[in-house]
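*Asks:* Can you read through this structure? Questions will come right after.
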Amino acid sequence: MRIRVTGMALTTVAMASLVSSILSAPQAFAAESDRTIISLPRESQNVPKRSTLETIQRAAKKQKISLADAIDAYVAHAVNTNPSVTRRAREDGLDPTVVEPEMKIDDLWLSELVDAKVAAKGNNIPLEEAIERIAWQPRLNEIGAKIEARYPDDLSGLAVLEDGRKAQIGFKGDIPAYAIELAKTLPVAVDLIGNKGFSEKDLKEARETAYAQLKSQVNLVEGINGGYDTNTGVITFTVKPRADLADVTERQSISAQLQPTPPTNKNISIALRLTKDDLVTKMADTYMRGGGVIGGCTTGFNIINQNYPSDPDQRRMTTAQHCGDVSTLYKNHPVHGNTGTLSDYVAGSSTYDIASWNRGTFTLTRTFYFNLDQTRYVYYIGTNPAVGQNICNFGWASHVAQCGNISQVNNNQYPNERGLIVMDRAISIQGDSGGPWYKGNTAWGITMGTVGGKSAFTPAYLIPSALGASWQVWTAPPGT
């Protein structure tokens, strides 16, 4: 382990990239030399031993087949010889041939390896490399949740760096010894950054304050996109005014009127830019399992009222609120068939793009379609997302699972889409709205649409805020 103090070169780069479009200059940052970094090199980290996977790799090489095919053969053998991997599906009355087997290969759930296949294809890299660079990332979320529980006012963002070869964990003040010990359990190099001068909680509060000021200017504003950079502390708002921006004088006047009050935390700054382009493209086309078809959209995850866990009528299906409330049909994927009418619609809070429908004549399950005709259980609900982290999604219109990396967390869109997670590219299309975002057996969110041409979703951890505190994704934790 080594400790170094480093300058914030990225701050200068990030600021320079905004010069051409920022209409109000950000405030000065905290002194660059204030930050400290504790670097944990990969050689000193807890790299997992995967003897079974290594055996499968040797078998693949000997048989001259791909690792993906060798894993498929190993799983098929397990299904034929080990009833436990399909036990839950059979107990739930489901066809075990169309529910992903529940099993691990060494420390990795099969679901994580399946997602690694998708990510490998999307990134044009070997499966072996995808496992090394991506499979560990859910552990970073778990560590982030533990640190946040102990230091709720100090955690200053998580990030996946160097294409999945390094993790970053930031702190407002000193780096806790507890965090260092947790970071040592990751199988990649880790940089812990201290004395950033702001926490992610500070960034959220400053963003909300400035967002409310901009949103109140209804006579000037048609759309707002507001997010923050957990590395630099810059909160950037892109605003589409109602007025034409062709006139320079009018543009300057609008900018002056929209300028938010500077944050009280001097280590946080606000950048404001104007655009004539639409900020959001919502996806609705035609689509009670998660990932099924409802009207013009895809369904998200099924939810349960935790106050009435045994009542089947206290279980519902989610989708995007912008998909609408017209009485509609739900349809399964072709492998399951069956169509039924839904009529009881509940809109969520106006600040989140989440809604729910009743189950109609269906029996809800704790599974979701992670790909066409393929389902798996939800074990966990994702929290503490990391910038650069790989997440996957399925939408009925796309008809295929795809994965991308998080480019921004906690993005607000005017008028009523808050807390969005934005990806690094567009991997969803019209008709994917409401569909599930996931990693392995972790439910991450519900497709909203695109922000700035990049796919965006509403996190699953906001469902209680949108639909009521008692409502939550219906999970099937391992061992239950």
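*Asks:* Please specify each residue of the stretch 359-384 satisfying the condition of being touching a helix residue (DSSP H, G or I) at 6+ places or on another chain (Cβ under 8 Å), in a loop (DSSP other than H, G, I, E, B) and surrounded by fewer than 23 Cβ atoms within 10 Å (Cβ to Cβ).
*Replies:* Across the stretch 359-384, the qualifying residues are R359, T363, L364, D373, T383, N384.
*Asks:* Shifting gears a bit: Please find, within the stretch 39-59, the residue that is surrounded by the most Cβ atoms within 10 Å (Cβ to Cβ) out of those that are of a type outside the set (S, T, N, Q) and under 13 Å from I105 (Cβ atoms).
*Replies:* L53
*Asks:* Wholly within the stretch 239-354, which strands (runs of 3 or more DSSP E) include no fewer than the required count, namely at least 2 residues that are at pLDDT 90 or above and of a type in the set (A, V, I, L, M)?
*Replies:* Once the strands (runs of 3 or more DSSP E) in the stretch 239-354 are filtered for at least 2 residues that are at pLDDT 90 or above and of a type in the set (A, V, I, L, M), what remains is 269-274, 302-305.
*Asks:* Residues that are under 25 Å from F368 (Cα atoms) and within 31 Å of the chain's Cα centre (by Cα): find the helices (runs of 4 or more DSSP H) completely inside the stretch 36-96 holding 3 or more of those.
*Replies:* Per the criteria, 67-81, 87-91.
For (1) of a type in the set (D, E, K, R); (2) crowded, with 20+ Cβ neighbours inside 10 Å; (3) within 23 Å of S51 (Cβ to Cβ), each residue gets a yes or a no:
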| residue | (1), (2), (3) |
| --- | --- |
| L113 | no, yes, yes |
| K121 | yes, no, no |
| E132 | yes, no, yes |
| R150 | yes, no, no |
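*Asks:* Taking strands (runs of 3 or more DSSP E) that fall entirely within the stretch 426-476, which contain at least 2 residues that are within 27 Å of D311 (Cα to Cα) and open to solvent by 10 Å² or more (accessible area, probe 1.4 Å)?
*Replies:* 471-473
*Asks:* Next up: Which residue out of Q213, Q217, Q168 is touching a Pro at 6+ places or on another chain (Cβ under 6 Å) and open to solvent by 30 Å² or more (accessible area, probe 1.4 Å)?
*Replies:* Within the list Q213, Q217, Q168, the selection yields Q213.
*Asks:* Please state which one of G223, G227 is modelled with pLDDT under 90 and either among the basic types (K, R) or within 25 Å of the chain's Cα centre (by Cα) (or both).
*Replies:* Checking each option against the conditions leaves just G223.
*Asks:* If you don't mind, another one. Are any residues in the stretch 309-354 of a type in the set (V, I, T) and open to solvent by 40 Å² or more (accessible area, probe 1.4 Å), and if so, which ones?
*Replies:* Within the stretch 309-354, V326, V335, T339, T341, V346 meet the criteria.
*Asks:* Go through the residues of the stretch 195-202 one by one and say whether even a single one is of a type in the set (S, T, Y), under 24 Å from the mean Cα position of the chain (by Cα), at pLDDT 95 or above and open to solvent by less than 10 Å² (accessible area, probe 1.4 Å).
*Replies:* yes
Yes/no matrix, rows are residues, columns are (1) in contact with a helix residue (DSSP H, G or I) (Cβ under 6 Å, 6 or more places away or on another chain); (2) open to solvent by less than 30 Å² (accessible area, probe 1.4 Å); (3) among the β-branched types (V, I, T); (4) farther than 30 Å from W136 by Cα:
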| site | (1), (2), (3), (4) |
| --- | --- |
| A179 | yes, yes, no, no |
| P187 | no, yes, no, no |
| T249 | no, no, yes, yes |
| A256 | no, no, no, yes |
| Q259 | no, no, no, yes |
| V280 | no, no, yes, yes |
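The values are calculated or read from the model by the stated rules, or taken from the named source; none is laboratory data. Since the model is a prediction, treat every value here as computed from it, not as a measurement. Quick reminder, even Gly has a Cβ in these numbers, built from the backbone with ideal geometry, and neighbours come from all protein chains shown. All accessible areas refer to the heavy atoms of the entire protein, side chains included, with ligands and DNA or RNA removed. Shrake-Rupley method; radii C 1.70, N 1.55, O 1.52, S 1.80 Å.
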